[in-house]
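Working notes for the structure below.
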Amino acid sequence: MSNRVCIKRGLLTLMGVKFMGRLEHPTRFSMYVRSKTTSAQYVASRFRDPTFEKLMENYKNLVKVISIQDLILANPKNPSVSIDFLSNLSQKLHLNRGATAFLCKFPHIFHIYYDHSKLKPFCRLTDAALGVTRQEAVAINASLPVVVERLVRILSMSASRMVPLRAVFKVWKELGLPDDFEDSVISANSGVFQLCDGHEQNTHLLKLVDGVSSNGIRAAVEDWRVVECCKEDCSVDRMEMQFSFKHGYPPGMRLSKNFKAKVKEWQRLPYVGPYEVPGEKKKSKAGMMAMEKRAVSIVHEFLSLTVEKMVEVEKISQFRKWFGIDLNVRDLFLDHPGIFYLSTKGKKHTVFLREAYERGCLIEPNPVYDARRRLLDLVVLGRRGLPAVNSKLEDSSSCGEARQEENQQRHCLSPS
């Protein structure tokens, strides 16, 4: 892989990256070449935060649970799905030990029963899991005005005031959109949003109606700056705070004096905000640094608009071109470990907004997050807290019948 140009020598040195070249000025950032370092090595060399890693370990199973839950709820008249059907999807759903083994790990969410009329084992959601889905649906419907504002903000960060509809589909859950958002949000607010044909066939663009103003929209980081400046014990200069971002680091992460100096200098660097119109791109070092800081402000704002202040890197990359970000967003997250945290658990790269979390939970939760957190709690509970012995025997019997059916199906499908 060819050498790539990277920014902030001090920040990347902390991540275990070696550089070539010397500083031109002790108080100015420069562009450096990361030598013989692939993208995979850069990700592997990052400092692990045990709190976020533990959270993502639980999210790995939660993602699988939600996938099965959506299949069950796809049939509102009879919300259930056969074990045979799930077994055929085991590889796609990443159920390594088979569908039955996975379902039996979460008896607080899934109930396996045998349908004697169809001579097949089926799976449905438990009352506790159904209660969580209803709670989330109610919370989403109650937050529709907030959802409209989120979409307006996302479109306002685009210079053309439009983004591909397929990109919005990628993050509809992260933004707390209802599953019918094309009708309940976009069509229902025709005075705000408009769908138009894209340049490619069968593609649509979501755009703001011309009369909708983006003036007066303030980024989330600016609210933090106001709060910090109003604190009695605030020791940061107001001019320095004007372009600062909140930084936080996990316990055990050693920060060198050089690194701290580089961060302090970066904090003072002026930039164009996510809702401001950027000027002409400059190819000078100072212009590149300002462009990079603007990219940080855009992804920071995007994460602050999500329900759980987290998103998969692949999903946010769908907006990169439309937000005018010319940098690799994954490297951007790694370059700023005090603002973002990148996790690779579950064969996916997920980024968190570090300042929004404390001890693995959102500092300022919302109703949709509370509902999803309840489902995560049921996942973490696993098989603990089961009722009396008779119920355990009944659950074990159902799982046994399902496993037997699954094994028979595998035997029939296996070549003779």
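Pairs on different chains or at least eight residues apart, Cα atoms closer than 30 Å: how many lysine pairs in the stretch 70-199 fit?
For the stretch 70-199, qualifying lysine pairs total 15.
Would you count, across the stretch 226-292, every pair of lysines whose alpha carbons are under 23 angstrom apart, provided the pair is eight or more residues apart or spans two chains?
Final tally of qualifying lysine pairs is 12.
Based on the mean of other beta carbon atoms within 10 Å per residue, what is the order of 62-70, 134-142, 224-232, most packed first?
By packing density, highest mean first, the sequence is 62-70, 134-142, 224-232.
Taking the alpha-carbon set of the stretch 122-236, what are its Rg and Dmax in Å?
Spelled out, the Cα radius of gyration and Dmax of the stretch 122-236 are 18.5, 62 Å.
Placing one identical point scatterer on every Cα of the stretch 259-330 and ignoring solvent, what is log10 I(q)/I(0) from the Debye formula at q = 0.12 Å⁻¹?
Results for the stretch 259-330 at q = 0.12 Å⁻¹ read -0.35.
For N78, put the label point 7 Å out on the Cα→Cβ axis and report which residues of the stretch 112-153 keep their amide N under 19 Å from it.
In the stretch 112-153, the label zone of N78 (backbone N under 19 Å from the point 7 Å along Cα→Cβ) covers 112-126.
Under a point spin-label approximation (7 Å from Cα along Cα-to-Cβ), what is the Q267-E53 distance to one decimal in nm?
Those two pseudo-labels are separated by 2.8 nm.
Put L376, L71 in order of accessible area, largest first, 1.4 Å probe: what do you get?
Reading off the accessible areas and sorting them downward yields L71, L376.
So what are the three principal axis dimensions of the stretch 23-179 from its Cα atoms, in whole Å, longest to shortest?
Sorted largest first, the three principal extents are 79, 41, 27 Å.
With just the Cα atoms of the stretch 111-172, tell me how far they stretch along each of the three principal axes, in Å, largest first.
In descending order, the Cα extents are 59, 24, 13 Å.
Leaving out same-chain residues fewer than 8 places away, which aspartates and glutamates sit with a Cα under 14 Å from that of K207?
E149, E182, D197
Between N366 and L386, what is the label-to-label distance in nm when each label sits 7 Å out along the Cα-to-Cβ direction?
3.8
Over all distinct alpha-carbon pairs, what is the Kirkwood Rh of the stretch 131-376 in angstrom? Please report the intermediate quantities before stating the final value.
Values: mean 1/r = 0.0515 Å⁻¹.
Result for the stretch 131-376, one decimal place: 19.4 Å.
Round to the nearest 0.05 the FRET efficiency obtained for V212 and D326 when R0 = 30 Å and r is the Cβ-Cβ distance.
Details: r = 27 Å, r/R0 = 0.90.
Result of the calculation: an efficiency of 0.65.
Each label point is 7 Å from the Cα along the Cα-to-Cβ direction; what then is the distance between the points at H199 and H116, in nm?
Result: 6.4 nm between the two label points.
Which order do the peptides 74-83, 98-107 come out in when sorted by mean C-beta neighbours inside 10 angstrom, highest first? Please report the intermediate quantities before stating the final value.
On the way: 74-83: 13.1, 98-107: 21.0.
Result, highest mean first: 98-107, 74-83.
Please work out the FRET efficiency for the pair K347 and E232, using the Cβ-Cβ distance as r and a Förster radius of 60 Å; give the result to the nearest 0.05.
E between K347 and E232, to the nearest 0.05, is 0.80.
Using 0.36 nm times the number of residues separating R97 and E280, minus their current alpha carbon distance, what extension gain do you get? Don't skip to the answer; put the middle values down first.
Working: separation 183, 0.36 × 183 = 65.88 nm, distance 5.46 nm.
Residue separation times 0.36 nm, minus the Cα-Cα distance, leaves 60.4 nm.
The values are calculated or read from the model by the stated rules, or taken from the named source; none is laboratory data. The structure presented is a predicted model; accordingly, all values stated were derived computationally and were not measured. Note that each Cβ is placed from the backbone with ideal geometry, even for glycine, and that neighbours are counted across all protein chains shown. Just the protein is used for accessible areas: all its heavy atoms, side chains included, with ligands, DNA and RNA removed. Shrake-Rupley method; radii C 1.70, N 1.55, O 1.52, S 1.80 Å.
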